[in-house]
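**Q** Okay, here's the structure, questions in a sec.
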Amino acid sequence: QYQTNLQANCKFSQQLFMVSISDELYNKHLIDSCPSLLQQSLATIKQHPLPAAPWLQLVRNHISAQPQQNLETVAQHFAMSPATFKRKLKQHHTRFSALQDCINRQTAVFNIATLAQSNETLAGELNFSDLTNFRRAFKRWTGTTPSQLRELINEH
């Protein structure tokens with residue numbers, strides 16, 4: 001799907017819904033491109049610029065690879081005290097729990113949509129203590145329940 005729409009070979013290092021496009025490719029004029037879509041994309045990027053912090057991406061990658069770790073162990077991995085780690089996250093306009101929620105949401109949606117994983121499997125994988133907590137968190141992240149997402153996917 002990405003190859004068709006971007007007319008470029010895309011490779012993903014993780015199972016997440018994040019896409020990184022080089023400026024060269026993004027600004028390249030494509031014969032089949034849609035000018036209104038390009039304008040909308042440029043407006044969105046100006047309103048919500050992507051974080052340009054490689055450190056924050058390293059933190060995301062670590063949390064994604066080690067979802068069971070808490071703030072203290074992640075801070076220790078980056079050779080910081082928990083307080084310093086929190087301050088650095090605040091400088092990047094985020095919190096540890098917000099990063100965890102974002103990664104968990106992306107993982108959950110991807111695993112339901114693509115891998116058809118069960119709630120039980122996902123809850124365990126995302127380190128939830130019970131199924132009810134997972135469903136409640138999923139609803140908070142997406143505005144829908146896992147079952148409703150599966151129904152939407154099956155309709156299409």
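Each value in this text was obtained by applying a stated rule to the coordinates, not by laboratory testing. These figures come from a predicted structure and were not determined experimentally. With ideal geometry, Cβ positions are generated from the backbone for all residues, glycine too; neighbour counts draw on all protein chains shown.
**Q** To the nearest 0.05, what FRET efficiency results for residue 144 and residue 95 with a Förster distance of 30 Å applied to their C-beta separation?
**A** Working: r = 24 Å, r/R0 = 0.80.
That gives a FRET efficiency of 0.80.
**Q** About the Cα centre, and with charges only on the beta carbon of Lys, Arg (+1) and Asp, Glu (-1), how big is the dipole of the range 54-155? Nearest 20 debye, please.
**A** Numbers: 12 positive and 7 negative charges, 113 e Å.
Dipole of the range 54-155, to the nearest 20 debye: 540 debye.
**Q** Going by amide H atoms built from the backbone, whose H comes under 5 Å of the H on residue 144, apart from near neighbours?
**A** Here the answer is none, since no amide H 5 or more places off falls under 5 Å of that of residue 144.
**Q** How do 85, 78 rank when sorted from fewest to most other Cβ atoms within 10 Å of their own Cβ? Please list the in-between numbers first.
**A** On the way: 85 20, 78 13.
Exposure proxy ranking, most exposed first: 78, 85.
**Q** To continue, here is another question. Test of understanding: ordering 130, 101 by Cβ neighbours within 10 Å, fewest first, what list do you get? Write out the running numbers ahead of the final one.
**A** On the way: 130 10, 101 14.
Starting with the residue having the fewest Cβ neighbours, the order is 130, 101.
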